[in-house]
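For reference, the structure is listed below as structure tokens.
Bear in mind that the values in this text are calculations on the coordinates, not laboratory data. Bear in mind that the values here come from a model prediction, so they are computed numbers and not experimental data. Don't worry about glycine lacking a Cβ; one is built from the backbone with ideal geometry, like all the others, and counts go over all protein chains shown.
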Amino acid sequence: MSSDILFRGGRAFTPDGFAEAVLVRNGLITAVGAESDLVRLSPGAEPVDLAGGLLTPGFTDAHIHPVQAGLERAKCELSEIYGLNEYVAKIADYATTNPDKEWIDGGGWDMSAFPNGLPHRSQLDFLDRPAYLIQRDHHAAWVNTRALEVAGITRDTPDPADGRIERDPDGTPSGVLHEGAMDLVGLLTPRPTPADADAALLDAQAYLFSLGITGWQDAIVGSYAGSDDNLPTYIEAAAAGRLKARVVGALWWDRTRGAEQIPDLVERRAKAEGLDRFHATAVKIMQDGIAENFTAAVIEPYCRCGGTGLSYVDPGLLKGYVQELDALGFQVHFHAIGERAVRETLDALSGTRPENRHHIAHLQIITPQDVPRFAALGVTANLQPLWATHHAQMDELCIPFLGEERSAWQYPFADLVRHGTRFAAGSDWPVSSADPIQGMHVAVNRTEPGSSVHASYPTAQTPFLPGQSIDLRTVMNAYTAGSAWLNRSPAGVIEEGRPADLVVLDRDPFTLDPAEIWTVRARMTFVDGEQVHG
């Protein structure tokens, strides 16, 4: 019996347009073209009926946190609901059904569900245990009074250099810990065991396969905001054959240290050498925070509240660190939200080697002067499209504090395209949905997908800066060829000789009304020609 597979009955998304059929042999794409020609090449091939859907390369998520997401899915998970009453009910139910847990931990709450974006410790003081719940964006934590007591945090506790303790008018900690202050409580919560982390990775992998994601770059491989180092988790799963996705780990740059940590990063990279499915070849530098809590690094002060945010790594030292990492062959993966952070990271990348495939993720605000620099420097724009909509967090916690001019600089995808910028794309899951189709919907429409918890927000279906929308082919290329290229993955394109990492979509989104893109689902997923979902 032939081991060949023939994908037919729909269209395949290729670099040059669309093809009628694709033939796979021994895990590789061996032919792309007319169905009749491929049948003659392999008359006994097992058919996979696309049923009018679209065959695409497997998606690669260029900025994601699967182990953290898997761990959170096993805790008090709030990301699929919205509102204080809903959160309190879910937390209370979780506490009741988990009476033996020492802490109530988890997360996924949305800042926009609270006045000024801030919950309060008193809203969790009905619990009989300490609580530590990470905000959806992972830049803050909501804790109760008991957790503050366990950590010894009082009105006299100073803010850490890279964070802030939110306080009541009398100076008493209010129950929100921003950025580096999260560790004051987060490091006291029960640590996951190696078995917990492995189970979380495998759970996340299965979930991502169900969305058509066959590879990713884990954007934090190290210890941050109470999380544990997941480098051993990846190495062990890859060595044992449990990791089937193609993964690059971005080693965490400790912002409390300087160049003296670079030999440690070289040593950590070497631990993953020789593995087929995992490589620790990138370094993640978080240069600023987020706009909603005023930690994103901006040039002009925030409106109403003043302040210009935080640059976590001294810009005067950053370029030297980046140059040294570049010389050692590392890829640098930046987090940059505010326009000052974007400029600082572009400045640091000036003069680096494009072959190292450096990239900047998030890119919420870019000055018009800095947009052309991505292509000029050979820096990839790593997009998280889902955030480019009108939703409560944008309309109530960003735009009023950014001001009219700066708000118009947000997520300038079309401008980046016009200047010839190379794109990759990702989700930042569990910060937001991991589904690439939802991200594509937003990139094309600049409106909330119908599946979003924010879809009914009054302006959610009003396009956000519609002149910055991009076409479906461009954003699908970002999630496939663009992100695969960033990871040095051999997959990501449907052409002869490539690994058969493929996704069967239940419908062809190119034939739909753009407003319906979000309704498309991954029906089957293949890695090296082996079906891993569907």
Plugging the Cβ-Cβ distance of S3 and D347 into 1/(1 + (r/R0)^6) at R0 = 35 Å yields, to the nearest 0.05, a FRET efficiency of 0.10
Longest principal axis of the chain (C-alpha) makes with the long axis of helix 339-349 (C-alpha) an angle, in degrees to the nearest 10, of 60 degrees
Given the candidates A45, I285, Q123, the one whose Cα lies deepest towards the positive end of the charge dipole of the chain, counting +1 at each Lys or Arg C-beta and -1 at each Asp or Glu C-beta, is A45
Restricting to Cα pairs under 8 Å and 6 or more apart, the percent relative contact order of the chain works out to 18 percent
If every Lys and Arg gets +1 and every Asp and Glu gets -1 at its Cβ, then about the Cα centre the chain yields a dipole, in debye to the nearest 20, of 740 debye
Taking the reciprocal of mean 1/r across every pair of different Cα atoms in the stretch 194-486, the Kirkwood radius in Å is 19.5 Å
Taking Cα atoms only, helix 84-97 is inclined relative to the longest principal axis of the chain by an angle, in degrees rounded to 10, of 80 degrees
Note on the chain: C-alpha Rg/Rh, Kirkwood Rh, two decimals, gives 0.97
The helix 436-445 Cα axis meets the longest alpha-carbon principal axis of the chain at an angle in degrees, between 0 and 90 and rounded to 10, of 80 degrees
With +1 at each Lys and Arg Cβ and -1 at each Asp and Glu Cβ, the charge dipole magnitude of the stretch 194-486 around its Cα centre, to the nearest 20 debye, comes out at 680 debye
Length-normalised contact order of the stretch 194-486, Cα under 8 Å, at least 6 apart, in percent, tallies to 13 percent
Summing -39500 (n - 2.57) over every DSSP H run of at least 4 residues in the chain and dividing by its residue count gives a helix-only mean residue ellipticity at 222 nm, to the nearest 500 deg cm²/dmol, of -7500 deg cm²/dmol
Most packed first (mean Cβ within 10 Å per residue), the peptides 88-95, 141-148 order as 141-148, 88-95
Contact order relative to length for the stretch 102-186, counting C-alpha pairs under 8 Å separated by 6 or more residues, stands in percent at 27 percent
Bounding extents of the stretch 1-119 in its principal axis frame from Cα atoms, largest first in Å, are 64, 34, 24
Of the candidates G175, A238, T421, the farthest towards the positive dipole end of the chain (Lys/Arg Cβ +1, Asp/Glu Cβ -1, centred on the Cα centre) is T421
The lysines whose Cα lies under 27 Å from the Cα of K101, excluding any fewer than 8 residues away in the same chain, are K75, K90
To the nearest 20 debye, the stretch 102-186 has a Cα-centred charge dipole, built from +1 on Lys and Arg Cβ and -1 on Asp and Glu Cβ, of 120 debye
Percent antiparallel among DSSP beta bridges confined to the stretch 4-131, nearest 5, equals 55 percent
For K284, the lysines lying under 20 Å Cα to Cα, once residues fewer than eight places off in the same chain are dropped, come out as K271, K319
Once T97 and R304 are pulled to full extension, the length gained, defined as 0.36 nm per residue separation minus their Cα-Cα distance, is 70.2 nm
Candidate cut points under GluC sites (Glu not before Pro) in the stretch 1-97, DSSP loop plus at most 10 other Cβ atoms within 10 Å of their own Cβ, are E80
Taking every DSSP bridge whose two residues both lie in the stretch 102-186, the antiparallel percent to the nearest 5 is 65 percent
Relative to the compact-globule estimate 2.2 N^0.38 Å (N residues), the Cα gyration radius of the stretch 310-372 stands at a ratio of 1.05
Taking every DSSP bridge whose two residues both lie in the chain, the antiparallel percent to the nearest 5 is 45 percent
